[in-house]
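Here's the structure we're looking at; comments come further down.
The values are calculated or read from the model by the stated rules, or taken from the named source; none is laboratory data. Predicted, not measured: the structure shown is a model, and the values here were computed from it. For neighbour counting, all protein chains shown are included, and Cβ atoms are generated from backbone atoms with ideal geometry for every residue, glycine included. We work out accessible area using only protein heavy atoms, side chains counted, and drop any ligands, DNA or RNA first. Shrake-Rupley method; radii C 1.70, N 1.55, O 1.52, S 1.80 Å.
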Amino acid sequence: MFKRIFLLGLSLFFSHWVCSADKPNVLLVLLDDMGYGDIGANGAQSISTPNIDALAASGANFSNFYASANVCTPSRAGLLTGLYPIRTGLAHGVVEAKGDDRGLPKDIENIAKLLKREDYVTKMVGKWHLGNFPKYHPLDYGFDEFYGVPFSNDMAGFTIYDGRQAISGDVDQALLSKSFTDQAIDFIEQKRDKPFFLFLSHSMPHIPLFASEKFKGRSQAGLYGDVIEELDWNMGRLIKALKQQGLYENTLIIFTSDNGPFFEGSVAGLKGGKGSSYDGGFRVPLIVSWPNKLSSAKRIDSVSMNIDILPTVADAVGLDKAADFDGLSLLPILNGQDPQREYLYFFNNEDVIAVRSQRWKYLIQTYYRTSIGDFSKFGQLPGFKSPYDLLFDMQAPTGERYSLADRFPQVLERHRAELTAAGQKFDSLRTRPKAKTFPQ
């Protein structure tokens, strides 16, 4: 009898070990304000990014991937939850360092909590910016460990935390990219025997910019380029650590940015930048590597968004996607299937201001802080007989430079109706009155 119980227990243990061993590790690397065109894989010439480019050359590089917001707090909320940020109450602006009581709701699913239930060990390193400490701390959201900063590096009180404890002294920001990567590598080495989720959320290249002495003056793109090249070097260190621990082949690596670049940086010929409703504000790099599953380089042109990351991770570890996520798993697309999504929505704060299909983008406002107006209401102005419709063919070389609304009236009507319906759908989730626009 004892022998049978022992063998049964051994069998269950072995089955659990095999199952855990088959689960991929997940490494999510998020940069702050890096442009779509700031890596060689997307056309950068003045900045050298060999490690990121090598990842793209052996994995998948997405050419139409978007952040879920054009500024950081709502984009990060969308990334971690798989939801449009308005569903989390964090769609408006960013969480300020003082006097702002907003934070990511703790009852909403996120990647860390999901993987924690699947017996993953979890750590976040770097910038949080989803609510101020101590009320909204990463350790309350499924992360076993945290080492990083609560918000952006230009905010008063910028301090490094180890767990819940603030580390005293001034922050030497020139050392942040390396020290964050050091923490990530230590975690990989310590947790190599269990499946892990590591979220490395760099503070750079958000301004103010800092590079270590080793990288100052190294690039052909000023200090901004130096910062990117140091981030690339640290990406190489991460990949090397995974390979040294024998974990690289079964690690799902996801590399992206929280929104487009601000005063510097490249949008690779797109229009706009951080805060803008044009593609330069929303379109960001996405590189996905998983050698066990993705054996050759792929360029993915399907339209997707960072709300797709959580469903993708869930799919990768064998979980069914819950119906209440806005995002969709990218694994079918990576495996050659046609995209299932028809439309993506873009928000300025809590307003739906653009809708994107695979070919077209329809836009009615241009900037999240101030705007010259709501183009859909320009028909009220003297001299205008109809709204000023901006319908762009995103597959054409001209992109968002010239509207083709008068050439494709049926396409215009379909996208206009979709934007109107989306606005009505999300209006009930607003946390503040609708902003006034011109004309009123």
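DSSP bridge analysis restricted to the chain gives an antiparallel fraction near 50%, rounded to the nearest 5. Using C-alpha pairs below 8 Å separated by at least 6 residues, the relative contact order for the range 354-440 is 29 percent. The amide H of TYR367, built 1.01 Å from its N in the peptide plane, has SER277 as neighbours under 5 Å, considering only residues 5 or more places off or on other chains. Quickly estimate the mean residue ellipticity at 222 nm for the chain, helices only: each DSSP H run with n ≥ 4 gives -39500 (n - 2.57), and the total goes over all residues, rounded to 500. Roughly -8500 deg cm²/dmol at 222 nm, from the helical runs in the chain. Note on the chain: along the principal axes its Cα atoms extend 88, 55, 44 Å, ordered by decreasing extent.
Taking 32 Å as the cut-off for C-alpha to C-alpha distance, list the pairs among LYS216/LYS243; LYS123/LYS434; LYS113/LYS377; LYS106/LYS243 that go past it. Intermediate values should be presented prior to the final figure.
Details: LYS216/LYS243 28 Å; LYS123/LYS434 38 Å; LYS113/LYS377 43 Å; LYS106/LYS243 35 Å.
Listed pairs above 32 Å: LYS123/LYS434; LYS113/LYS377; LYS106/LYS243.
Counting only alpha carbon atoms, the long axis of helix 72-81 and the longest principal axis of the chain meet at about 60°. The H on the amide N of THR122, modeled in the peptide plane, is under 5 Å from the matching H of ASP144, GLU145, PHE197, each at least 5 residues off or on a different chain.
Ranked by solvent-accessible area (1.4 Å probe, protein heavy atoms only, all chains present), the residues ASP22, ASP107 order from largest to smallest as ASP107, ASP22. In the context of the full protein assembly, SER75 retains an accessible surface of approximately 0 Å², using a probe radius of 1.4 Å and ignoring ligands and nucleic acids. Taking every protein chain into account, the accessible area of the chain amounts to 42 square angstrom per residue (probe 1.4 Å). Between GLU413 and LYS377, the simple spin-label model (points 7 angstrom out along Cα→Cβ) gives 2.5 nm.
Each of SER295, SER68, SER179 has its accessible area taken with a 1.4 Å probe; listed largest first, they run SER295, SER179, SER68.
The Cα atoms of the range 173-304 define a convex hull whose projected area, averaged across directions, is 9.3 nm². Working from the Cα coordinates of the range 249-310, the gyration tensor eigenvalues give, after taking √(5λ), semi-axes of 26, 11, 11 Å in decreasing order. Close amide-amide hydrogen proximity is noted between LEU286 and PHE62, each under 5 Å apart and 5 or more residues distant or on a separate chain (H modeled in the peptide plane; Pro and chain starts excluded).
Work out, step by step, the length gained on full extension between LEU319 and ASP182: first 0.36 nm times the residue separation, then minus their alpha carbon distance; give nm to one decimal.
Full extension from LEU319 to ASP182 adds 46.2 nm.
Phi angles across the range 121-132 convert, under the Karplus curve 6.51 cos²θ - 1.76 cosθ + 1.60 with θ = phi - 60°, into 3J(HN,Hα) values of 8, 9, 8, 10, 10, x, 7, 9, 6, 10, x, 7 Hz, Gly and Pro given as x. Kirkwood's formula applied to the C-alpha pairs of the range 299-440 gives a hydrodynamic radius of 16.9 angstrom. Shape of the range 60-161 from its Cα gyration tensor (a ≥ b ≥ c, root eigenvalues): rounded if a/c is under 1.5, otherwise prolate when a/b > b/c, or oblate? Note, shape of the range 60-161 comes out rounded. Expressed per residue, the C-alpha convex hull volume of the range 357-400 stands at 92 Å³.
For the chain, with all protein chains in place and a probe radius of 1.4 Å, 52% of the accessible heavy-atom surface sits on carbon or sulfur.
Under a Gaussian network description of the chain, with springs only between Cα atoms under 10 Å, the residue in ASP326, ASP351, ASP100 that fluctuates furthest is ASP100.
Build a GNM of the chain with springs between Cα atoms under 10 Å apart, and of PHE133, PHE408, PHE143 the one that fluctuates most is PHE408.
Apply the a/c threshold of 1.5 to the C-alpha gyration tensor of the range 80-217 and tell me whether it is rounded, prolate or oblate. In terms of gyration-tensor shape, oblate.
Anisotropy class assigned to the range 320-381 is prolate, per the alpha carbon gyration tensor with a/c at or over the 1.5 cut-off and a/b larger than b/c.
Heavy-atom accessible area, probed at 1.4 angstrom with all protein chains present, ranks ILE207, ILE333, ILE39 as ILE207, ILE333, ILE39, highest first. If you run the Gaussian network model on the chain, springs between alpha carbon atoms under 10 Å, then out of LEU175, LEU412, LEU334 the most flexible one is LEU175. The trypsin sites (Lys or Arg not before Pro) of the range 142-222 that DSSP puts in a loop, and whose beta carbon has at most 12 other beta carbons within 10 Å, are ARG164, LYS214. At the residue level, GLU249 shows approximately 100 square angstrom of accessible surface with a 1.4 angstrom probe and all protein chains present. Taking all protein chains as they are arranged and a probe of 1.4 Å, the heavy atoms of MET155 leave approximately 30 Å² accessible to solvent.
Around the Cα centre of the range 286-342, unit charges on the Cβ atoms of Lys, Arg, Asp and Glu (plus for the first two, minus for the last two) sum to a dipole of about 320 debye.
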